[in-house]
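Written out below as structure tokens is the structure these notes cover.
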Amino acid sequence: MEDKDKDKDKDEAAAPVADNEMVDEVVERLLDNADASGAALLGEGGLLTEITKAVLERALEAEMSEHLG
């Protein structure tokens, strides 16, 4: 792959996929649901822990799919 192509791929990967309003709305809904259910935010099974795990797993899946085809 040429250096130009590598730079282009980096730029595309860094582009935001969601606007701030959408992110704010999702975060607000998640926190409201966590408050309503009494769910913990941190620690094992906590909201932040589970979100982090889900995002990392999906990113890894996407990376592996792209890499392995």
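Computed from the coordinates by the stated procedures, all read-outs in this text should not be read as laboratory data. Quick caveat: nothing in here was measured; it's all calculated off a predicted structure. When we count neighbours, we look across all protein chains shown, and the Cβ atoms used for this are built from the backbone with ideal geometry, even at glycine.
Local charge for GLU44 was computed over the other residues whose Cβ lies under 11 Å away, with Lys and Arg +1 and Asp and Glu -1, and equals 0.
Annotation: extensible slack from VAL27 through ALA54 equals 8.3 nm (criterion: 0.36 nm per residue apart, minus Cα-Cα distance). Across region 29-69, the residues whose backbone nitrogen lies under 14 Å from the label position 7 Å along the beta-carbon direction of ALA18 are 29-32, 48, 51-56, 58-59.
Summing charges over neighbours of ALA18, with a neighbour being any other residue whose Cβ is under 11 Å away from its Cβ, gives -4 when K and R count +1 and D and E count -1.
With Rh defined as the Kirkwood radius, the inverse of the mean 1/r over Cα pairs, the Rg/Rh of region 19-68 is 1.11.
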